[in-house]
1. Please go through segment 43-53 and pick out each residue that is at pLDDT 95 or above and not hydrophobic (A, V, I, L, M, F, W, C).
2. Only one of 36, 4 is under 19 Å from residue 189 (Cα atoms), of a type outside the set (Asp, Glu) and either in contact with a Lys or Arg (Cβ under 9 Å, 6 or more places away or on another chain) or touching a residue at least 12 places away in the same chain (Cβ under 8 Å) (or both); which?
3. For residue 236, indicate whether it is within 16 Å of the chain's Cα centre (by Cα), within 21 Å of residue 78 (Cβ to Cβ) and of a type in the set (S, T, N, Q).
4. Quick one: in segment 187-208, which of the residues that are free of Cβ contacts under 8 Å to residues at least 24 places away in the same chain and assigned to a loop (DSSP other than H, G, I, E, B) is nearest to the chain's Cα centre (by Cα)?
5. Yes or no: residue 107 modelled with pLDDT under 95 and assigned to a loop (DSSP other than H, G, I, E, B)?
6. Can residue 250 be described as surrounded by 15 or more Cβ atoms within 10 Å (Cβ to Cβ) and closer than 15 Å to residue 209 by Cα?
7. Regarding segment 166-181, can at least one residue be identified that is outside any strand (DSSP E or B), hydrophobic (A, V, I, L, M, F, W, C), surrounded by fewer than 21 Cβ atoms within 10 Å (Cβ to Cβ) and in contact (Cβ under 8 Å) with a residue 60 or more places away in the chain?
8. What is the one condition in (1) buried (at least 23 other Cβ atoms within 10 Å of the Cβ); (2) part of a loop (DSSP other than H, G, I, E, B) that residue 136 does not satisfy?
Amino acid sequence: MSRIFVTGGSGRLGRSVVAGLAAAGHEVFSVDRDAIPAEQLPAGAVQYTADLLAPGEAERLIRETAPDAVIHLAAIAVPFSAPEDVIFSTNTRLAFAVISAATEVGVRRIVTASSPTALGYGCPEGWLPPSFPLDENTPATPWNAYALSKLIAEQTIRMFAAAQGDKIRYAAFRPCYVISPEEWEGALTQQGHTVRERLADPSLSAPALFNYVDARDVADFLDVLLAKMDSIPNGQTFFVGAKDALAAAPLSELLPQFLPGSGPLTEHLTGTSPAFSIEKARTLLGWEPKRSWRTELTPPFDGADTAVLKDENNRGLVPAGATSKETA
């Protein structure tokens, strides 16, 4: 059992991470500006309310709780939900404050959340990768403050890993579009519609290239990552996603409709193949996602009401003059 300090523990992803790590037998310290009701806190977890941007607050709490590991999730989580300078400043300062405090205290394992948006998809000026599926070697070309702040969080991890050598182990992970347990049962997703609506209308998931991950699978990933950080190269970044796409049709058919010029790159994304590869997490960690919309959605989705898009004005990832608010 480890003592794990989780920032952003009251958030959509954070709640499942705290619950999953506590269920795995860890002692979890959930830290957030906002508390969740005490009755919703899982056994084995303790919550603290704090402003981690206040000078010295992150270090004070980390020293007080004396964790074996720190997982940093806290951030403004939705692109364009605040002014760009506020998102950039808040997210980069939070990442540096927490990572540097944990390093100063001497926490042995430090992990930060990044985002697939660091790759730059959804750019209004157009975007195409060298190839599909996208992986950790795909060039990062962020086009908004949120995506840039997440890339900087990864670079912060690598900077500290370079400075510390193997005395402290660092890692970053890019969770795909997070779906929390209640969203399988009909609760609204981060974008204000349901999972079922995202499946029925491909234009809703197209801005995120149909990526997704169950929040509980992220918790499982983090449990495995923390256990194996001493045995993998330091400062690694991992994609964390489902093994399929959030789509009722193959991406070889869907992506060319929404991502102009991608047809030759996506011909092999047949069946349920996703646009994002999790092979690195499989190979280095032995992690495998357990959940899919095909197993978790209640009641099951049969595709009978899948929308057929015929309006050419809706075929771009981001319509002219608009910006995507997808986080993954």
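The values are calculated or read from the model by the stated rules, or taken from the named source; none is laboratory data. The structure presented is a predicted model; accordingly, all values stated were derived computationally and were not measured. A quick note on method: Cβ atoms are made from the backbone with ideal geometry, for glycine too, and the neighbour counts reach across all protein chains shown.
1. Result: 47, 48, 49, 51.
2. On the way: 4 fails: under 19 Å from residue 189 (Cα atoms).
36 is the lone residue from the list that is under 19 Å from residue 189 (Cα atoms), of a type outside the set (Asp, Glu) and either in contact with a Lys or Arg (Cβ under 9 Å, 6 or more places away or on another chain) or touching a residue at least 12 places away in the same chain (Cβ under 8 Å) (or both).
3. On the way: within 16 Å of the chain's Cα centre (by Cα): yes; within 21 Å of residue 78 (Cβ to Cβ): no; of a type in the set (S, T, N, Q): yes.
No: the conditions fail for residue 236.
4. Filtering segment 187-208 down to residues free of Cβ contacts under 8 Å to residues at least 24 places away in the same chain leaves 187-189, 192-194, 197, 204.
Filter again for assigned to a loop (DSSP other than H, G, I, E, B), leaving 187-189, 192-194.
Working: 187: 19, 188: 18, 189: 14, 192: 18, 193: 19, 194: 18 Å.
Only one residue tops the list, namely 189.
5. On the way: modelled with pLDDT under 95: no; assigned to a loop (DSSP other than H, G, I, E, B): yes.
Taking the combined requirement at face value, the residue does not satisfy it.
6. Details: surrounded by 15 or more Cβ atoms within 10 Å (Cβ to Cβ): yes; closer than 15 Å to residue 209 by Cα: yes.
Yes; evaluated as a whole, the condition is true for this residue.
7. yes
8. Status for residue 136: all satisfied but (1).
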